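For reference, the structure discussed in these notes is given below.
The values are calculated or read from the model by the stated rules, or taken from the named source; none is laboratory data. The structure presented is a predicted model; accordingly, all values stated were derived computationally and were not measured. All Cβ positions, even for glycine, are placed from backbone atoms using ideal geometry, and neighbour counts span all protein chains on display. Note: accessible area is taken over every heavy atom of the protein model, side chains too, but ligands, DNA and RNA are not part of it. Shrake-Rupley method; radii C 1.70, N 1.55, O 1.52, S 1.80 Å.
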Amino acid sequence: MERKGKPPFDPKVFLSKVDGGRTISDYRKDQIVYGQGDPADCVFFIQSGKVKKTVVSEQGKEAVVALLGTGDFFGEGCLAGESLRLATVSAMTKCVIVRISKEDVTRVIHEEPAFAELFISHLLARNSRVEEDLVDQLFNSSEKRLARTLLLLANFGKEGRPEPIIAKISQETLAEMIGTTRSRVSFFMNRFRELGLIDYNGKIEVHSSLLNVVLHDQPRIRP
């Protein structure tokens, strides 16, 4: 009787099952996944929902440095020697998040090329996003930065269908993300609504026409 061979490795199956160094947890809105200064000993994967990453300076000033959603990894700094978390990650919506131990991630990266490819693609996309954020902060007006942030929150430009209705997010949080004041955010939000680029009544509904604000007079970056 012939023995059945080992089934091909599927990263999606790996990330959807509890086994050994993996656990899956539900997080309520505003619940902290980990805090700045906590031990860095695992990597996380978002099955569903959105989280934000914030950093607090020694002077107590808080800044939102990243927004992450379904299909994103975070906490991978532990693989590069990070012993303590450099930021706090908290749920912006209800989330289902997979926790993968550092040992389990390291093992599967070495043993399974399909997972290694997925993880490297994530790291490259994250690096590209950081560069885009830097260009955005250096060259674009606060109006364009807000428009870009709203589009990113609605998943425009990512694989899959956009989610035009954004979960409730405060103007203070938007102001922290783009480096401006709440009053400026309020001014631009009202302006976008008057122009028909968004609908804003507690929740924000983003229309694709908001892309015109971002694309107008974009700075040209030389290679």
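Do any residues in the stretch 104-130 that are at pLDDT 90 or above have Cβ atoms under 9 Å from those of residues that are surrounded by fewer than 12 Cβ atoms within 10 Å (Cβ to Cβ) and not in a helix (DSSP H, G or I), where the two are at least six apart or on different chains, and which pairs are they?
D104/D19; D104/G20; A114/P8
Could you give me the residue pairs with C-beta distances under 8 Å whose first residue belongs to the stretch 186-210 and is under 15 Å from L174 (Cα atoms), whose second residue is part of a loop (DSSP other than H, G, I, E, B) and open to solvent by 100 Å² or more (accessible area, probe 1.4 Å) wherever it lies, and which are 6+ apart or on separate chains?
Qualifying pairs under 8 Å: G202/K168; K203/K168.
Going through I109, I97 one at a time, which residue ends up being of a type outside the set (D, E, K, R), within 17 Å of V13 (Cα to Cα) and more than 16 Å from the chain's Cα centre (by Cα)?
None of the others qualify; the one that does is I109.
Could you check, for the stretch 55-68, whether at least one of its residues is closer than 30 Å to F156 by Cβ, in a loop (DSSP other than H, G, I, E, B) and open to solvent by less than 50 Å² (accessible area, probe 1.4 Å)?
No: zero hits.
Out of V33, V51, which single residue is more than 11 Å from the chain's Cα centre (by Cα), closer than 24 Å to E172 by Cα, surrounded by 14 or more Cβ atoms within 10 Å (Cβ to Cβ) and at pLDDT 90 or above?
Numbers: V51 fails: more than 11 Å from the chain's Cα centre (by Cα).
Result: V33 is the single residue among V33, V51 that is more than 11 Å from the chain's Cα centre (by Cα), closer than 24 Å to E172 by Cα, surrounded by 14 or more Cβ atoms within 10 Å (Cβ to Cβ) and at pLDDT 90 or above.
Is there a residue in the stretch 70-79 that is under 21 Å from S170 (Cα atoms), assigned to a strand (DSSP E or B) and open to solvent by 20 Å² or more (accessible area, probe 1.4 Å)? Before you say what the answer is, go through the steps one by one.
Let us first name the residues in the stretch 70-79 that are under 21 Å from S170 (Cα atoms), namely 70.
Then drop every residue that is not assigned to a strand (DSSP E or B), which leaves none.
No.
Within the stretch 4-30, which residues are at pLDDT below 85 and surrounded by 14 or more Cβ atoms within 10 Å (Cβ to Cβ)?
G21
Quick one: is S141 closer than 30 Å to L195 by Cα and at pLDDT 85 or above?
Yes: the conditions hold for S141.
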